[in-house]
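Read the structure below first, then the notes.
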């Protein structure tokens with residue numbers, strides 16, 4: 001019964017706060033309506049020059065396919081490779097495509113002519129992505145086909161929307177409980193709780209449960225908005241998504257409490273939380289594949305709960321995976337979550 005009244009007290013405090021209710025309403029709207037458009041790793045408006053040394057029907061077909069692509073700005077055909085390279089050196093072009101002589105003849109004889117793609121790699125991302133886009137177009141003209149599984153239209157929003165749930169859980173279940181407790185420390189109201197017979201685990205649960213419920217509500221709103229705005233729905237069991245979300249919430253809420261237990265001011269808690277949040281987020285595979293990291297950095301993914309969550313939610317949400325597909329991630333999140341929860345309870349000094 002004590003826990004019931006403590007939870008009721010927390011909801012009253014949240015409701016009386018002039019900022020938190022607005023945050024709870026605006027946060028899922030911003031996540032779903034703004035972030036999928038902004039957090040886009042696609043590269044567009046790549047300026048391309050083409051040198052056609054064949055002037056055949058098939059080479060012109062390749063030129064027209066490049067010209068019609070949404071990823072390129074066609075800068076025209078150049079007379080020679082040196083002329084096109086000069087435009088790259090003066091930053092007037094990003095990529096050059098050189099079609100060799102006898103391109104159509106070699107294709108008709110069953111040979112694979114060598115097409116030259118030269119890219120300005122000062123901007124490494126733009127250069128590599130532009131080369132990759134051109135390679136796909138050349139392969140399509142030469143008869144090769146590309147099969148995209150699970151995301152056939154290669155819509156980047158399908159890739160990012162599930163991962164944005166990790167940011168949502170991090171903010172609602174990590175930052176808010178930590179700042180709540182540190183705020184009570186600064187105000188001196190937590191001392192009134194310390195002199196009561198309320199047990200440590202009751203006090204901590206009362207601080208966490210309201211934010212868990214709010215996070216589940218906000219996640220449900222995000223799934224609804226993803227369906228209404230983008231037509232994107234979960235391909236697997238939605239209950240599995242909520243399960244791994246709660247396990248991540250357990251970790252972040254426990255971690256937030258640990259930070260608040262060792263912090264004396266709200267500024268100190270914010271800096272410590274932000275340091276770990278940025279490191280875990282960037283090393284989780286949320287934005288870029290973890291396999292592209294150096295081997296020493298990849299080792300950090302084994303203790304990074306954000307990595308397990310992002311991997312699991314994409315497996316269920318995009319691929320339609322079942323429990324057996326993510327049981328490894330669930331066990332890892334359970335182990336890390338309960339370890340951090342035990343640390344949070346033990347580190348809370350009730351009589352401080």
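Every number in this text was worked out from the coordinates using simple rules, so none of it is lab data. From a predicted model like this one, the values you see are computed outputs, not experimental measurements. Here the Cβ is made from the backbone with ideal geometry for all residues, glycine too, and neighbour counts use every protein chain on show.
Some points to look at:
- Residue with peak Gaussian network fluctuation, the chain [Cα springs, cutoff 10 Å], from 168, 225, 12: 12
- Over all projection directions, the Cα-based convex hull of the chain averages an area of 22.3 nm².
- log10 of Debye I(q)/I(0), alpha-carbon scatterers only, for segment 209-342 at 0.10 Å⁻¹: -0.36
- With 10 Å bins from 0: P(r) over segment 46-141, alpha-carbon pairs, percent: 17, 53, 26, 3
- Virtual spin-label span in nm between residue 108 and residue 267, 7 Å along Cα→Cβ: 7.8 nm
- Calculated FRET efficiency for the pair residue 156/residue 13, C-beta based, R₀ 35 Å, to 0.05: 0.35
- Only DSSP H runs of four or more residues enter the estimate; each adds -39500 (n - 2.57), and after division by the residues of the chain the mean residue ellipticity at 222 nm equals -20000 deg cm²/dmol.
- Across all Cα pairs in segment 49-103, the calculated P(r) in 10 Å bins from zero up to the longest distance comes to 27, 54, 19, 0 percent per bin.
- A simple spin-label model places the labels of residue 220 and residue 20 2.0 nm from each other, with each point 7 Å out along Cα-to-Cβ.
- Between the alpha-carbon centres of segment 302-352 and segment 43-76 there is a gap of 48 Å.
- Placing a pseudo-label 7 Å from each Cα along the Cα-to-Cβ vector at residue 53 and residue 322 gives an inter-label distance of 5.6 nm.
- Between the helical axis of 2-16 and the longest alpha-carbon principal axis of the chain there is an angle of about 60 degrees.
- Contour minus Cα-Cα distance for residue 299 and residue 342 (0.36 nm per residue): 13.0 nm
- Nearest 10 degrees, 0 to 90: helix 124-141 Cα axis against the chain principal axis: 50 degrees
- Helix 305-317 and the longest principal axis of the Cα set of the chain meet at an angle near 60°.
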